[in-house]
1. Which one of 17, 117, 37 has its Cα pushed farthest toward the positive end of the charge dipole of the chain, where Lys and Arg give +1 and Asp and Glu give -1 at the Cβ?
2. Given segment 1-69 reduced to its alpha-carbon atoms as identical point scatterers, what log10 I(q)/I(0) does the Debye formula return at q = 0.13, 0.16, 0.21, 0.23 Å⁻¹?
3. Could I get the Rg over Rh figure for the chain? Both from C-alpha atoms, Rh via Kirkwood, rounded to two places.
4. Report, in debye and to the nearest 20, how large the dipole of the chain comes out about its Cα centre when Lys and Arg carry +1 and Asp and Glu carry -1 on their Cβ.
5. How many percent of the accessible area of the chain is carbon or sulfur, using a 1.4 Å probe?
6. Just reorder 76, 131 by solvent-accessible area, largest first, 1.4 Å probe, all chains present.
7. Which percent, to the nearest 5, of DSSP beta bridges fully inside the chain are antiparallel?
8. How high is the relative contact order of segment 1-55, in percent, counting Cα pairs under 8 Å that sit 6 or more residues apart?
Amino acid sequence: MPVFKISSSDITNFPFIEYICKFKKPVLLSTGASSVWEIHQSVELIEKYGNPLCLMHCVLNYPTTDEDANLGMILDLKKKFPKSIPGYSDHTLPGTMEVLKIAVLLGAVVLEKHFTFDKSLPGNDHYHAMDK
């Protein structure tokens, strides 16, 4: 595994984050539904280990409407955490992908988009995911 992704549900799971950091690999940290204080605590822990860090802005709404993507948070994360790489984890419907384009224009370097081979599969990711 060249990089580890930590979901926003684990952003305050400090023993887990510390375990991941010991591998000395880059970390993608999703920030959905997190307070700035929670993000700060996790960033501080990851920076202590010296792992390259990408903060992935996301909205935990499946699917997220384009209007609710809150892309301005990318700018806020860049300002508050200048040592981290800005990213965006997209939960909007595929459509035109304008939200991803705007995320890049705002500075997101890493993009995550859910992908599926079958939108009819059970689970909360398939129906809003991009397909082939």
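The values are calculated or read from the model by the stated rules, or taken from the named source; none is laboratory data. All figures in this text were calculated on a predicted structure; none of them were measured in a lab. We place every Cβ from the backbone using ideal geometry, glycine too, and count neighbours over all the protein chains shown. The area values use the complete protein model at the heavy-atom level, side chains included, leaving out ligands, DNA and RNA. Shrake-Rupley method; radii C 1.70, N 1.55, O 1.52, S 1.80 Å.
1. It is 17, whose Cα lies furthest towards the positive end.
2. Each listed q corresponds, in turn, to -0.36, -0.52, -0.81, -0.94.
3. 0.97
4. For the chain, the charge dipole is close to 580 debye.
5. Values: 4480 of 7350 Å².
Answer for the chain is 61 percent, counting heavy atoms of protein chains only.
6. Details: 76 45, 131 75 Å².
My answer, sorted largest first, is 131, 76.
7. Details: 0 of 17 bridges.
Of all bridge pairs located within the chain, approximately 0 percent are antiparallel.
8. Dividing the mean separation by the residue count of segment 1-55 yields 42 percent.
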